[in-house]
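> After the structure tokens below, expect a handful of questions from me.
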Amino acid sequence: MDVYEAMQTLRAVRRLRPDPVPEAVVRRLLAAATWAPSGGNAQPWRVVVVRERALLEALGALYADRWRGYAARHAAAVADASEAVQAAWRRTRGACDHLAAQFASTPALFVFCFAPALMAITDAAQDRPSVVGGASVYPAVQNLLLACRVEGLGCVLTTLLCEEEPRVRDLLAIPDGWYTAAAVPVGYPVGRGHGPLDRRPVEKMAFADRWGAPLR
Ligand SMILES: Cc1cc2nc3c(=O)[nH]c(=O)nc-3n(C[C@H](O)[C@H](O)[C@H](O)COP(=O)(O)O)c2cc1C
């Protein structure tokens, strides 16, 4: 599979079989993550690969709690939306409910952590939320997702556990100065797994020379 096919079919897969992911495969996923770029090549991230059942149960309880809150808010937000939007939400919700309910059976949960002190956060002084620090972490996460795709593994980038960061740090013995950026459940898919994406076309996303000017 070439990289374009991998990217074009890398959708969120939330229904995972409990079968373990072989250690050699886990190592290849991690190697892919380490190949990502980061500011100054500082690689200000680490990843905790969680496979211990008791930890997954504790994290799963936190995740399910946060998911319930998110789902209730989102359901209210789309209550007056079109039938197409509501149908899409129902499909996503089913898969998300499944992930939350089965979280403890996740074969491998990759919890990505970051250290702000190791980052050159060049937009920190701007009068808006800062995003540059994340750009030294999420490319590694995306590399891991792409490697999962090529390995035939399902995966999904999740951030709901960041709302429970203090408890997650305690559970995983994450040291001072390190925080959580994402948790990626990984396993072999229950069904077809990855497949076609629903994304905006290039023409809506990219401009020529100035904002709003169409590409030629
Ligand atoms: C920053 C970020 C946070 C996300 N957080 C969650 C999450 O907490 N739980 C979850 O089930 N999916 C999460 N997702 C997955 C998105 O819902 C998913 O990528 C998006 O809806 C597109 O779905 P698709 O790739 O299947 O088309 C997150 C994705 C991103 C990029």
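The values are calculated or read from the model by the stated rules, or taken from the named source; none is laboratory data. What you see is a predicted model; the values in this text were computed from it and never measured. Glycine also receives a Cβ, built like all others from the backbone with ideal geometry; neighbour counts cover every protein chain displayed. In case anyone asks, the SASA skips ligands and DNA or RNA and just uses the protein heavy atoms, side chains included. Shrake-Rupley method; radii C 1.70, N 1.55, O 1.52, S 1.80 Å.
> Does segment 59-76 include one or more residues that are loosely packed, with under 11 Cβ neighbours inside 10 Å and farther than 22 Å from GLU164 by Cα?
yes
> Can you tell me which residue among VAL156, VAL132 is over 17 Å from LEU55 (Cα atoms) and surrounded by fewer than 17 Cβ atoms within 10 Å (Cβ to Cβ)?
VAL132
> Since ASP127 meets every condition but one in (1) within 15 Å of the ligand (Cβ to nearest atom); (2) out of contact with any Lys or Arg (no Cβ under 8 Å at 6 or more places or on another chain), which condition does it not meet?
That leaves (1) as the condition not met.
> What residue, among those in segment 162-179 that are surrounded by fewer than 22 Cβ atoms within 10 Å (Cβ to Cβ) and closer than 24 Å to ALA32 by Cβ, is nearest to the ligand (Cβ to nearest atom)? Before you say what the answer is, go through the steps one by one.
Residues of segment 162-179 surrounded by fewer than 22 Cβ atoms within 10 Å (Cβ to Cβ): 162-167, 169-179.
So of that shortlist, the ones also closer than 24 Å to ALA32 by Cβ come out as 162, 172, 174, 178-179.
Working: CYS162: 8, LEU172: 17, ILE174: 18, TRP178: 19, TYR179: 15 Å.
That would be CYS162.
> Right, next: Show the residue pairs that are 6+ apart or on different chains and have beta-carbon atoms under 6 Å apart, the first residue being within segment 1-20 and more than 12 Å from GLY152 (Cβ to Cβ), the second being open to solvent by 70 Å² or more (accessible area, probe 1.4 Å) and away from the ligand (no atom under 13 Å from the Cβ).
As it stands, the answer is ARG15/VAL190, since those pairs meet every condition given.
> Please give the number of the condition ARG200 fails out of (1) modelled with pLDDT of 95 or more; (2) more than 13 Å from the ligand (Cβ to nearest atom).
All conditions pass for ARG200, except number (2).
> Could you say which residue among GLU5, GLU23, GLU83 is acidic (Asp, Glu) and either buried (at least 18 other Cβ atoms within 10 Å of the Cβ) or under 30 Å from GLY177 (Cα atoms) (or both)?
Going through GLU5, GLU23, GLU83 in turn, just one is acidic (Asp, Glu) and either buried (at least 18 other Cβ atoms within 10 Å of the Cβ) or under 30 Å from GLY177 (Cα atoms) (or both): GLU23.
> Would you check if there is a residue in segment 136-148 being closer than 14 Å to CYS113 by Cα, of a type in the set (Phe, Trp, Tyr), open to solvent by 40 Å² or more (accessible area, probe 1.4 Å) and more than 13 Å from the ligand (Cβ to nearest atom)?
No: segment 136-148 contains no residue that is closer than 14 Å to CYS113 by Cα, of a type in the set (Phe, Trp, Tyr), open to solvent by 40 Å² or more (accessible area, probe 1.4 Å) and more than 13 Å from the ligand (Cβ to nearest atom).
> Can you tell me which residues in segment 48-93 are within 16 Å of the ligand (Cβ to nearest atom), outside any helix (DSSP H, G or I) and within 18 Å of the chain's Cα centre (by Cα)?
Within segment 48-93, just VAL50 meets the criteria.
> Could you list, in sequence order, the residues of segment 1-26 that are over 20 Å from LEU172 (Cβ atoms), more than 18 Å from the chain's Cα centre (by Cα) and assigned to a helix (DSSP H, G or I)?
VAL3, TYR4, GLU5, ALA24, VAL25
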